[in-house]
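Reviewing the structure listed below.
The values are calculated or read from the model by the stated rules, or taken from the named source; none is laboratory data. Nothing here was measured: the structure is a model prediction, and the numbers come from that model. Cβ sites come from the backbone with ideal geometry, for glycine too, and all protein chains shown count toward neighbours. Each accessible area value is taken on the protein alone, full model and side chains, heavy atoms only, with ligands, DNA and RNA left out. Shrake-Rupley method; radii C 1.70, N 1.55, O 1.52, S 1.80 Å.
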Amino acid sequence: IIGFFYWFFALKMAEPPKITLPPGEEIGEKIVKKPEIIIPASLISVNATETVEITNSSEILTLLPQLLEKTFETEGHIRILFKNINENKIVGLKNFFEVFEVKTPEGLLEKLNDDFTLFIFASKGVNRLGFITEIEKKENLVDLMLSWETTMEKDAEKLFKVLGKEKPALSPYFKKAVYKNEVFRYISFSLNNFGVCWAAVIGDKFLFSSSGESMLKSIDKLIIQ
């Protein structure tokens, strides 16, 4: 009897109480989940979306040329999303320009929303790059772009080379064109529908394209939207 009471009070009661955790909870290292990457809404209707995961923005230098050489299952606008899984975000316009060392006039990028819709326009086996973004501040935007025209070919040389530019522009000056009451400006790098086109379209959007065809098709879609 004495031995039983000694075991019960001295040993059994001294055991630490068992802790029952609710389902799903664990003691130890806390697992922190990264927030879900927010994908900005596309500013233009697209036929398909190509999502490319990267760990560093510099990878775009080798991945973009591969995309421009790719044969897509559909023609028309194909949205390109570069998803940086380390930074947990979609690459924006400023970061994209930084990768290709594009020099822009002071204050230009502050007038444009960093969430841009990057796209490839596929037509008859040829891929041309373009993007569209919302205009945040309209004041002096056109003037800044007009001033940039004189140095754009040199300032964006690395990007244009990836797009396929091999020789200087056929004419050193940008020209004006009007399509469905929308004004855009362009310069040609070759006769094969390749150059630079830009426009402030439908009042609140900025459109850039490396071909006349994709510029016209993009304006068509923006007007319908």
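Key figures for this structure:
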{"read-out": "Modelled FRET efficiency - R0 25 Å, LYS175 with VAL126, Cβ distances, 0.05 increments", "value": "0.70"}
{"read-out": "Ranked order, ARG185, ARG128 - accessible area, probe 1.4 Å, largest first", "value": "ARG185, ARG128"}
{"read-out": "Whole-number accessible area per residue in Å² for the chain, which is evaluated in the context of all protein chains at 1.4 Å", "value": "62 Å²"}
{"read-out": "LEU191, LEU93, ranked by accessible area, largest first (probe 1.4 Å)", "value": "LEU191, LEU93"}
{"read-out": "Projected-area average for the chain over all orientations - Cα convex hull basis, square nanometres", "value": "19.7 nm²"}
{"read-out": "With all protein chains modelled, accessible area of VAL201 [1.4 Å, Å²]", "value": "0 Å²"}
{"read-out": "Farthest toward positive dipole pole in region 119-209 [+1 Lys/Arg, -1 Asp/Glu at C-beta], among CYS197, LEU159, SER123", "value": "SER123"}
{"read-out": "Simple Cβ-charge dipole of the chain, Lys/Arg +1 and Asp/Glu -1, about Cα centre, in debye nearest 20", "value": "360 debye"}
{"read-out": "Added length on full extension, which subtracts the Cα-Cα distance from 0.36 nm per residue, ASN193 to ILE135", "value": "18.2 nm"}
{"read-out": "Over the chain, relative contact order from alpha-carbon pairs under 8 Å, at least 6 apart, %", "value": "16 percent"}
{"read-out": "For LEU93, net neighbour charge (Lys/Arg +1, Asp/Glu -1) across residues whose Cβ lies under 12 Å away", "value": "-4"}
{"read-out": "Fraction in percent of alpha-carbon pairs per bin - 5 Å, region 115-225", "value": "2, 11, 23, 25, 22, 12, 4, 0"}
{"read-out": "Label-point separation, LYS161 to LYS83 (7 Å along Cα→Cβ), nm", "value": "3.2 nm"}
{"read-out": "Carbon and sulfur %, accessible surface of region 65-181 computed with the full protein complex present, 1.4 Å", "value": "46 percent"}
